[in-house]
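Scroll down for the structure; my scribbles are underneath it.
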Amino acid sequence: VYQEHHWNQKKVKECKGRNFDNGRRCCTPEEPCDEGEGDCDGPGDGGQHDGDKGCKGSLVCGSNNCKKFGAYYHEKDDCCEKSSSPLIALPVNTQGLKDRIQDLFPNDKRCRGRNFDKDRCCTAGTPCVEGEGDCEADIDCNGSLVCGNNNCKAFGSFFHEKDDCCIKPEIKSITQPISGPRCTGRNGVNGRECCTIVGGCVEGEGDCESDNDCKGDLVCGDNNCKVFGSFFHPKDDCCIKPSTSIESVPKTVFPLVEPPPGQRCNGRN
């Protein structure tokens, strides 16, 4: 007698990250993702982003967290997940505790980061002063202030660890590109889409998302753009020459009798 079996199966993920999806932004406000799907474009990456709109319901877009949902994800994929417990108001019975609460959650700052502000507080139209956040770019800061990187904790423990606050700019030898790269990262004119717009970045240009964004045999680095110029964002990825790894040498040549092609330093011999 034939008996039909029904098995409980989990829903197959439609968005599986940049290793499988065509491009990295599979989770969008138009087609938001379920928990464990990615890659979403959340606030943890800096620059312009979708916030948590790429995730369904009350889910939020994480930061480099997809690996916990599946080993097939890229290490930098961001997945939708349940939000952490929000801050709650505690009963205040003594003046001393009131003073302590005021220290932890001051009311003198207009913008106090993602733990308090529901929407973007620092914008080009309403720029933040020093010590306020969360900003996304220098244009969100008042006057000559610049947007920092995960630096708000220095201004108050009530900030989220990934909040970016407006600060005075550092004095650097290179503050802007002179005549070099066309693509200058998320702080530049074309932002994070520049490598796509110009048809591929050359060495020292970014922000790239994968090796496909780089010309020829160049590969996409990881948070490495600062070595090409201080005008880059700390999280910008720039195209670089691939490093020679031992895996690239055919196993049939062992033991090696001469250095592999392209090896610059070959020992005392």
Distance in nm between Ser83 and Glu14 label points, each 7 Å along Cα→Cβ, equals 2.4 nm
Using only protein heavy atoms and a 1.4 Å probe, report how much of Leu218 is accessible, in Å² to the nearest 10. 30 Å²
For Asn19, the residues 5 or more places away or on another chain with a placed amide H closer than 5 Å to its own amide H are His74
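Apply 1/(1 + (r/R0)^6) to the Cβ-Cβ distance of Thr28 and Ser144, taking R0 = 45 Å, and write down the FRET efficiency to the nearest 0.05.
Calculated transfer efficiency: 0.80.
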Below 8 Å, C-alpha to C-alpha, sequence gap of six or more: please give me the relative contact order for the stretch 116-162 in percent. 26 percent
Which of the aspartates and glutamates could a cross-linker span from Lys215 if the Cα-Cα distance has to be under 20 Å and same-chain partners fewer than 8 positions apart are dropped? Glu193, Glu203, Glu205, Asp207, Asp236, Asp237
Work out the FRET efficiency for Arg120 and Asp211 from their Cβ-Cβ distance, taking R0 = 22 Å, and round it to the nearest 0.05. 0.10
Would you check the accessible area of Glu81, probe 1.4 Å, heavy atoms only, in square angstrom rounded to 10? 40 Å²
Tell me the accessible surface of Arg110 in square angstrom (1.4 angstrom probe, heavy atoms of protein chains only), to the nearest ten. 110 Å²
With r defined as the distance between the Cβ atoms of Glu75 and Val189 and R0 fixed at 41 Å, what FRET efficiency is calculated, to the nearest 0.05? 0.90
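The values are calculated or read from the model by the stated rules, or taken from the named source; none is laboratory data. Values in this document were obtained by computation on a predicted structure and should not be read as measured data. Glycine gets a Cβ as well: all are built from the backbone with ideal geometry, and neighbour counts include every protein chain shown. Keep in mind that these areas ignore ligands, DNA and RNA; they rest on the heavy atoms of the full protein, side chains included. Shrake-Rupley method; radii C 1.70, N 1.55, O 1.52, S 1.80 Å.
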